[in-house]
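I have placed the structure first, in the form of structure tokens, so that the comments after it can refer back to it.
Any read-out appearing in this document is the output of simple, stated calculations on the displayed coordinates, not a laboratory observation. For clarity, every value in this text was computed on a predicted model and none was experimentally measured. In this analysis, Cβ positions are derived from the backbone assuming ideal geometry, glycine residues included, and neighbour counts consider all displayed protein chains.
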Amino acid sequence: MTLSASATQPHPSSTTTPTNLAAFIWSVADLLRGDFKQSQYGRIILPFTLLRRLECVLEASKDAVVAEAQNISAMNLNEEAEAKFLLRKTDGLAFYNTSPMTLAKMGQSDIEANLSHYIQSFSKDAREIFEHFRFEEFVGYLNDANLLYKVVQKFQNVDLSPEAVSNHEMGLVFEELIRRFAESSNETAGEHFTPRDIVRLTTSLVFMEDDEALSKDGIIRTIYDPTAGTGGFLSSGMEYVLELNPNAVMRAFGQELNPESYAICKADMLIKGQEVSRIKLGNTLSNDQLPNESFDYMLSNPPFGVDWKKISGEIKDEHEQKGFDGRFGPGTPRVSDGSLLFLLHLISKMRPVQSHSQNSESDAPTNDTAITGSRIGIILNGSPLFTGGAGSGESEIRRYILESDLLEAIIALPTDMFYNTGIATYVWILTNHKAPERKGKVQLIDGTNLYSKMRKSLGSKRNEMSDTDIRTITRTFGDFEVVDARELDKPADVKSNRGRQSATPKTETAKTFASKIFATHEFGYRRVTIERPLRLSAQMSAAAIASLRYAERTYDVVMPALYEKFGEQWTEETYGEFGDLTSDIQVEARAMIKADFSELKEKQIKEVLSPKLWREQLAIMTAAQTLQQAIGTQQFDDYNQFDALFKQALKDTGLNLSAKEKKQILNAITWKNPEAQRVIKKSAKAANPLYGAFEVTDSNGKTKIVEFECDSDLRDYENIPLDPSVSTRELIESYFTREVQPHVADAWIDGGKRDASDDEIGIVGYEIPFNRHFYVYEPPRPLSEIDADLDKVSQDIMALLSEVHS
């Protein structure tokens, strides 16, 4: 950074880093302290920095633009027509300012009006940037506080010209300013931008597969970020391609939710000569402002673990009404995390695989005949890898991605890489035009140890990836080879030396790097339901029948308590009565319920204090006593035999019980008993024990084929790995006979639970257990070492105690 000779601040050297430059600019906050809240500093400093940057960029062509504006002023042109004349004088820039004023020329008098006029003299796109910062509002506040002139003086001396500060460095300056703004206002900086080391890695992974195609003449490519932030991904992507091929044409598209981030992104694209109408403001998921567009390259760092409850109506409507014609056809994840919605959104924007000249939006002739689809790089947390079982929205999304062969690679990043979170994160690389050797394959790269500690943490960001670390990952990705875990030349993390140290310190695990390649089906499985028979015993005992005096579930605790306290007061005529609301018994009963059963709602209290419920239960108990006289009190360990007696007793006694009443009686007098006989559900035509049709011999020695009732408490699920080399039935049956039947002989496969897509037995699920694939077993410490530590601790304790006693 350089300063003009009139500057009163110290002159930083020409080697000032973007971080130091940002710190110097942020020192304006010293002027604001006391008159403005900390949360307002950024709303002043950011737009003034933008203003100074735009002013410096325009400096070379300013005189020509001002002169042209004066020449055409008498023509009374509208703004659009006027812009066509003025843009010819900007030396290729996409914006201008027609005012002869600059920050340096503004005097103290009328400075608010002069600054306002200066802003209004910008071309439309540049002017709108300041509107999103509510700049004029804060200019008014500064003027009222007599600080506007001082702030303008501060900024007029900072050299932010492209010669002094490159576009890349200026991006870093803005990001550091936003980080400071976020800290001062208790926001999360990570919602606005992605650290540049992660941006470089992701950009390289997305573009490197197309290096040869991108180096040809006549290249026109599009790049898109649905969570554009300050435009870091868009800028990095364009820089990558233009370094490879300066003659390539890159068209940037994006959408951003936060107005301040949007304004900075728009300014950056304006300076780079991009058509800023392609940068949109709004919620990408609920209001896609680039519908029906498709892109060559897409990069995104969506917010981690942010719920989408507020827009769930729009998302679910699109999923249900449009299906695969919309963006969310495969499914929707749980409302608590919308990361996979952004991924589906990007996939919906993929170009079809065909000659790029056919995809080109330009009418100009092109020799760009490369066969290409789209490539995506997106940063996600660990949740999208494995959250959600078979049939869930998350699993169905993973299934769609893997079965469509879109996923190329996933790279695990080190922790503590982002400004607002230290959690584990992953870069997903997707394409609909895989190289032949990658078809049907997915590469997993464990880069969790490729980092260096930062000298000074920035929020939660304590680690950074060097260019060497990035090259290690990109080279491994490009080679598409398995890399067995190899030790890295990385220093061990510094451990705290506070507190008691172990007598035998644990050996630090070596930092390793590895890469593995899997077939896409290896992440899939079928979730098959395994049933076991219900085994019941039954006995019409007095205690079991007495429990029928009380209703089940909600009232099974409160009713016994009420009966114990008030039951003796009831006669046959007054059974279950608690009087009206003013009666002593009801007042006392309500007080008891409120004190001991506070979970009951008023509707439930009214029901439990009504004689209707009590008399219904008394009738059920009386019916059970009648059945007891007909059946007896012996225990039956064959429920099938008891069931026949029970039905006959109902017929003989003439009792007319509803299904609900029968169920309550049976629930009271039966219990599960692993030693009891299996409960028969119905007869079957053909024996098939694998699927629950068993051949049995009854007490008369007669053989028959039956199906048994299943015991929901014993129900289990088996996740059977997919194997496309065999049929689904063969896969499931061989697994069952090998892994289940030897241990549980009476189990069977529930053939009725079928997948909605292929109608085969079992629900298909997909998960990517990244950590499991790279897990390295660490044996526990030897007992001798643990004993030595315990002895050392005991000695220290005894020494301390002896000091106390002395």
Members of the stretch 659-696 that are among the hydroxyl-bearing types (S, T, Y) and either surrounded by fewer than 14 Cβ atoms within 10 Å (Cβ to Cβ) or over 45 Å from the mean Cα position of the chain (by Cα) (or both) = T670, S683
Which members of the stretch 600-625 meet the condition of being within 47 Å of the chain's Cα centre (by Cα) and closer than 14 Å to M559 by Cα?
-> L600, Q604, I605, K606, E607, V608
Those residues of the stretch 762-792 which are among the polar types (S, T, N, Q) and under 24 Å from the mean Cα position of the chain (by Cα), in sequence order = N771
Here the qualifying pairs (Cβ atoms under 7 Å; residues six or more apart or on different chains; first in the stretch 556-584 and without any contact (Cβ under 8 Å) to a residue 12 or more places away in the chain; second part of a helix (DSSP H, G or I)) come out as G579/I585; G579/Q586; D580/Q586
Any chance N78 is loosely packed, with under 11 Cβ neighbours inside 10 Å and on the phi < 0 side of the Ramachandran plot | yes
Answer yes or no: is there a residue in the stretch 443-462 that is in a loop (DSSP other than H, G, I, E, B), of a type in the set (S, T, N, Q) and out of contact with any Pro (no Cβ under 9 Å at 6 or more places or on another chain).
-> yes
Can you give me the number of residues within the stretch 463-476 that are farther than 14 Å from I198 by Cβ and touching a residue at least 40 places away in the same chain (Cβ under 8 Å)?
-> 1
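Condition first: among the charged types (D, E, K, R), surrounded by 14 or more Cβ atoms within 10 Å (Cβ to Cβ) and part of a helix (DSSP H, G or I). Now tell me which residues in the stretch 276-315 satisfy that.
Residues satisfying the conditions are R278, E314.
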If L93 passes every condition in (1) in contact (Cβ under 8 Å) with a residue 60 or more places away in the chain; (2) over 22 Å from M269 (Cα atoms); (3) assigned to a loop (DSSP other than H, G, I, E, B) but one, which one does it miss?
-> (2)
Out of (1) in contact (Cβ under 8 Å) with a residue 24 or more places away in the chain; (2) surrounded by 18 or more Cβ atoms within 10 Å (Cβ to Cβ); (3) out of contact with any strand residue (DSSP E or B) (no Cβ under 7 Å at 6 or more places or on another chain); (4) of a type outside the set (A, V, I, L, M, F, W, C), the odd one out for E68 is which?
-> (1)
Note on the stretch 726-769: residues part of a strand (DSSP E or B) and on the phi < 0 side of the Ramachandran plot are W748, I749, R754, I761, I763, V764, G765, Y766
Based on what the data block shows, is F85 in contact (Cβ under 8 Å) with a residue 60 or more places away in the chain and either assigned to a helix (DSSP H, G or I) or not small (G, A, S) (or both)?
-> no
